[in-house]
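Read through the structure below, which is laid out as structure tokens, and then see the notes.
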Amino acid sequence: MIVEDESSIASFVALYLKNAGYAVRAVGKGTDALDQISSDPPSLVILDLMLPDIDGIEVCRRIRKSSDVPILMLTARDEDVDKIIGLEVGADDYMTKPFNPRELVARVKSILRRSTPERRQAESAVIRHGDLTVDAGRREVRVGEEEIQLAPKEFDLLWELLDHRGLVLTRDQLLERVWGYTFAGDTRTVDVHVRQLRRKLGEASPIVTVWGVGYKVSPAKNPTPA
Ligand code: CA
């Protein structure tokens with residue numbers, strides 16, 4: 001379901017999703033979206049932030065009161081992003097306008113794959129690695145007792161690497177698993193996210209560069225005594 005009042009954007013997004021094999025419906029108002037989500041729930045909602053009646057953030061909050069349907073938010077401003085993805089609002093992912101429609105389709109695929117039941121079960125797990133604790137159900141990362149705020153893709157990337165401890169994952173494999181690309185994409189995205197993870201996790205970062213190949217997770221050191 002697409003919730004967007006600008007019909008040119010709505011039909012453009014619908015076209016790409018239909019071409020990718022999805023059944024699509026579009027509504028232009030937040031109230032219509034809420035009505036339809038309760039009467040005939042979609043598998044995923046693409047929700048624009050700027051709507052003529054209730055804004056997208058409020059629509060998202062109201063959906064979350066009764067539904068876990070995956071939500072991909074569209075926004076025109078980077079500064080809204082923290083709020084959107086934060087637990088308070090509860091969107092699954094976001095894209096900033098203007099966006100590449102192919103990337104939108106890739107995100108939709110990736111979100112739907114993550115939210116399938118067996119995957120969800122696998123993700124209700126916690127991985128401990130040295131000082132690092134990653135809780136997939138709560139999407140929380142801690143170094144010792146301190147909670148570290150990660151962007152959604154940073155979290156997914158860290159999880160993917162930890163979930164394959166001991167294996168080297170190539171940049172293309174990471175792009176496919178974390179970003180949902182099925183083609184060889186721009187692998188610099190992976191490097192940028194790894195850099196962010198290293199910055200945020202500091203010495204607790206377990207990520208090792210395997211030169212010319214990709215990344216892996218180093219063996220865990222013993223947790224530092226508190
Ligand atoms: Ca709009």
If you line up the long axis of helix 188-201 against the longest principal axis of the chain, both from Cα atoms, how many degrees apart are they, to the nearest 10? 60 degrees
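Order by neighbour count: His164, His129, His193, fewest other Cβ atoms within 10 Å first, most last.
Ranked by crowding around the Cβ, least crowded first: His164, His129, His193.
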List, in order, the whole-Hz ³J(HN,Hα) value for each residue of segment 207-218 obtained from phi through the Karplus relation with A = 6.51, B = -1.76, C = 1.60 and θ = phi - 60°; use x for Gly and Pro. 7, 10, 7, 9, 4, x, 10, x, 9, 8, 9, 6
Which cross-chain or sequence-distant (5 or more) residues have an amide H under 5 Å from the amide H of Ala26, H modelled 1.01 Å from N in plane? Ile2
Residue-normalised 222 nm signal for the chain, counting each DSSP H run of n ≥ 4 as -39,500 (n - 2.57), nearest 500 deg cm²/dmol, is -11500 deg cm²/dmol
Roughly how tilted is helix 152-163, in degrees to the nearest 10 and between 0 and 90, from the longest Cα axis of the chain? 40 degrees
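Mind checking the dipole of the chain: about its Cα centre, +1 per Lys or Arg Cβ, -1 per Asp or Glu Cβ, Debye to the nearest 20? Can you show the working numbers first?
On the way: 32 positive and 36 negative charges, 157 e Å.
Here the size comes out at about 760 debye.
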Got the relative contact order for the chain handy, in percent, Cα pairs under 8 Å and 6 or more residues apart? 13 percent
Could you grab the Rg to Rh ratio for the chain? Cα atoms only, Kirkwood for Rh. 0.99
Links exceeding 29 Å between C-alpha atoms in this model, out of Lys97/Lys153; Lys65/Lys153; Lys29/Lys109; Lys18/Lys216; Lys18/Lys200; Lys97/Lys216, come to Lys18/Lys216; Lys18/Lys200; Lys97/Lys216
Specify the angular offset, from 0 to 90 degrees and rounded to the nearest 10, of the alpha carbon long axis of helix 56-66 from the longest principal axis of the alpha carbons in the chain. 80 degrees
If we count trypsin sites (Lys or Arg not before Pro) as exposed when they sit in a DSSP loop and have at most 16 other beta carbons within 10 Å, what is the longest stretch of the chain that avoids them all? 78-137
Which order results if Met95, Met73, Met1 are arranged by neighbouring Cβ count within 10 Å, fewest first? Met95, Met1, Met73
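Every read-out reported here was derived from the displayed coordinates using simple, explicitly stated rules and does not represent laboratory data. From a predicted model like this one, the values you see are computed outputs, not experimental measurements. FYI the Cβ positions are ideal-geometry reconstructions off the backbone, even for glycines, and counts take in every protein chain you see.
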